[in-house]
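Chemist: Structure in structure tokens, see below.
The values are calculated or read from the model by the stated rules, or taken from the named source; none is laboratory data. A quick note: this is a predicted structure, and the numbers were derived from the prediction, not measured. We place every Cβ from the backbone using ideal geometry, glycine too, and count neighbours over all the protein chains shown.
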Amino acid sequence: MPTAPYRLESVWFEATDDYGFDLTLFNLSDKPISGFRLAYSALTRTVPGHRVENGEQTKKLANYHEFAPPEGLTLVPGESWNLRITGLTRHAQHVNDGPGGAHLLFDDGSSAEVECADLILSGGLSTRAEPLLPQGTPQMGAALVPWPNEIALEGKAKTPVALFAANGATREDMAAISAVTSLAKRVFPLDTQPFALVRAPSGLPLHLEADSGLAAVGYRIAIEKDKVTLAYGDAQGRHYGLVTLAQLLHGARDDDDGFVWPETGTIVDAPRYEWRGSHLDVSRQFYSIESVTRFVDLLAWHKMNIFHWHLTDDEAWRLEIKAYPELIETGSKRGAHEKMVPQQGSPATTYEGHYTQDQVRALVAHAAAIHVDVVPEIDIPGHCNAVLYSLPHLRDPEEDTSEAYLPVQGYPNNALNPGMEETYEFLEKVLAEVVDLFPSHYIHLGGDEVAEGAWLQSPRARGLMQREGLPGTPELQAYLLNRAQEILKKHGRALAGWDEMSHGGGVNPEGALMMAWQKGEVGPALAGMGYDVIMTPGEAYYLDMAQADDWQESGASWAGTVPPHTTYHFEAAADFGPELIGKLKGVQACIWSESIRSRDRFNRTVFPRLSAIAEAGWTQSAAKDWQRFSANTRLMPAL
Ligand code: ACM
């Protein structure tokens, strides 16, 4: 796309008693413009009572804002219009807190994109962070992430060209070798392949053997001068052992960094936690199925075994549901000429994307072959703005919306109504298709961030409160989620959700899995209520948090600044006493995509923190080492 002939410059100013945006729109075209409004989305939003100098806000919906210039303004070529906006939700802290996706809306109904400059900090330096990792120190020359639980390697041998299947390998062993060879080639296409099924000159024979004495998903590697033996508990253990060997070879081929192929040694290994996951938000920003597939490969390379696919949110619904084509026709699109306005930096032209059921089945099969379970999330009852735009019959027609309830992210009246039977019909139909597509034991149904006071102006919800004796919003939410849990149970599946699912009486803890995200302390509290728990606290495992305070380090800040060191040193089990520790099932990264608007930004913010969480999920805390991790994580791939 050529550079648009309009440009929006943004400056963040902080005075003693005020702060806000100084915006200047430049007309760089060769024609005068008049009769227009300026639109953009920004995470730093206006609040009621805000002020606009030299203009007026004409519309706002969550991140989306529109401003009109003073009556009759014409911008001739080369001229600019300056407006100052104060009265915002919070102070900007990083470059990404400014306007994005700016465009002009003309009175004739047409629109034009506007180039958006970085948000400049008035009177401050726009610095980038110091390096976030030390150089680090490898140990035993082993380029491994996550680090194995027992390892003793010695010496430095000539790196074998490949490890080849020894005589007598079974079909299953050869298929497992083939799967990890292909994984390695997808992750590092330019690398020599780690394994071969035929005898490779200057290679080493690889003997595989089942060993029922090992932990089911565990493995043991013995490296000798003339052969390698991989013993495994089950197919998953065999896979992890092969990934370990592939990582060792990858490092050894790059021996300038102190990584080697050992002469001899043993590794005895099994994961610390059964759930080693990463979530990915594909609603705010869309990720192509190819990118999602590569992301799953990256998880497998880290021996992570759960891909939590956050498929729906206020900004878009991304999963094809045959019963409701509207969810894609309306709910997967944002744009100046769509039902849903641009948000989170998306442009005036239609920004859309969804996954067909065929694509989903292929991804699930791809993931299963490399021992990754795909856990879908359908986020209800909050975060349903896109659903309610697509299916307006799910709203109570008699709800008084003059005083909208507003959740933290600003989408008014965005929650599925527990008092409407249509809600449960919707859930029945959607979940029937979801369980058909996803074989995972858990289906994640969100449960987060329902606005205080939600549904209280809805006569249908009021009726339900009276019939069931429900005092307020949290109990209405719990009523809905319990019914959803019953639907999943009927399909033989279990409910997973964010920690607020425990509010208002909660759901049935039997078999339910909660993700502790708001802060670390929530985890043990959930375990005390009887839930199984995954630790994914914002202050350590939310990878959208900025990694340093520097202006140019983009990301969110509500859970603090989260450098890789903080993520690495977070100990998920710290506050679980002996009576609760059995409820802690694992750890998970969360990749919320509001501020992740490019692949460069994705890689900058996700790595190496994802690798740190992979190591927390796999490696016992006594075997962790920050300096070694810092050296080894440099060899991990990016998206
Ligand atoms: C969340 O971050 N809303 C789970």
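Chemist: For the subset of segment 502-519 comprising residues that are within 14 Å of the ligand (Cβ to nearest atom) and in a loop (DSSP other than H, G, I, E, B), which member is surrounded by the most Cβ atoms within 10 Å (Cβ to Cβ)?
Modeler: Across segment 502-519, the extreme among qualifying residues is Trp517.
Chemist: Being among the aliphatic types (A, V, I, L, M), touching a helix residue (DSSP H, G or I) at 6+ places or on another chain (Cβ under 6 Å) and more than 30 Å from Ser126 (Cβ to Cβ) is the filter here; which residues of segment 530-558 pass it?
Modeler: Hits for segment 530-558 are Val533, Met535.
Chemist: Residues to consider are Glu209, Glu150; find the one that is under 14 Å from Thr266 (Cα atoms), of a type in the set (Asp, Glu) and surrounded by fewer than 16 Cβ atoms within 10 Å (Cβ to Cβ).
Modeler: Glu150
Chemist: Is one or more of the residues making up segment 189-208 outside any loop (DSSP other than H, G, I, E, B) and either of a type in the set (D, E, K, R) or closer than 14 Å to Trp301 by Cα (or both)?
Modeler: No, segment 189-208 has no match at all.
Chemist: Which of the residues that make up segment 309-353 are crowded, with 20+ Cβ neighbours inside 10 Å, farther than 20 Å from Tyr64 by Cα, of a type outside the set (A, V, I, L, M, F, W, C) and in contact (Cβ under 8 Å) with a residue 40 or more places away in the chain?
Modeler: His310
Chemist: Still on this structure: Taking the options Tyr479, Tyr568, Tyr541, name whichever one is of a type in the set (Phe, Trp, Tyr), surrounded by 23 or more Cβ atoms within 10 Å (Cβ to Cβ) and either at pLDDT 95 or above or within 14 Å of the ligand (Cβ to nearest atom) (or both).
Modeler: Residue meeting the stated conditions: Tyr541.
Chemist: Could you please let me know if Val408 is within 24 Å of Arg334 (Cβ to Cβ), within 16 Å of the ligand (Cβ to nearest atom) and surrounded by fewer than 17 Cβ atoms within 10 Å (Cβ to Cβ)?
Modeler: Judged against the criteria, Val408 is a match.
Chemist: So, in segment 616-639, of the ones that are under 13 Å from Trp301 (Cβ atoms) and not hydrophobic (A, V, I, L, M, F, W, C), which residue ends up nearest to the chain's Cα centre (by Cα)?
Modeler: The extreme case among them is Pro637.
Chemist: Would you confirm whether or not segment 175-191 contains a residue that is exposed (fewer than 14 other Cβ atoms within 10 Å of the Cβ), touching a His at 6+ places or on another chain (Cβ under 9 Å) and over 25 Å from Arg272 (Cβ atoms)?
Modeler: no
Chemist: Could you check Ala540 against (1) free of Cβ contacts under 8 Å to residues at least 24 places away in the same chain; (2) part of a helix (DSSP H, G or I); (3) under 30 Å from Leu119 (Cβ atoms) and say which number it fails?
Modeler: That leaves (1) as the condition not met.
Chemist: To continue, here is another question. Could you tell me which residue of segment 521-533 is farthest from the ligand (Cβ to nearest atom), considering only residues that are out of contact with any strand residue (DSSP E or B) (no Cβ under 7 Å at 6 or more places or on another chain) and outside any helix (DSSP H, G or I)?
Modeler: Only one residue tops the list, namely Gly530.
Chemist: If you check Ile591, Ile596, Ile613, which single one turns out to be among the hydrophobic types (A, V, I, L, M, F, W, C), buried (at least 17 other Cβ atoms within 10 Å of the Cβ) and either without any contact (Cβ under 8 Å) to a residue 40 or more places away in the chain or in contact with a His (Cβ under 7 Å, 6 or more places away or on another chain) (or both)?
Modeler: The unique qualifying residue is Ile591.
Chemist: Going residue by residue through segment 613-633, is there one that turns out to be within 16 Å of the ligand (Cβ to nearest atom) and either part of a loop (DSSP other than H, G, I, E, B) or at pLDDT below 95 (or both)?
Modeler: no
Chemist: Sort out which residues of segment 571-599 are in contact with a helix residue (DSSP H, G or I) (Cβ under 9 Å, 6 or more places away or on another chain) and within 16 Å of the ligand (Cβ to nearest atom), and write them in order of number.
Modeler: Within segment 571-599, Val587, Gln588, Ala589, Cys590, Ile591, Ser593, Glu594, Ser595, Ile596 qualify.
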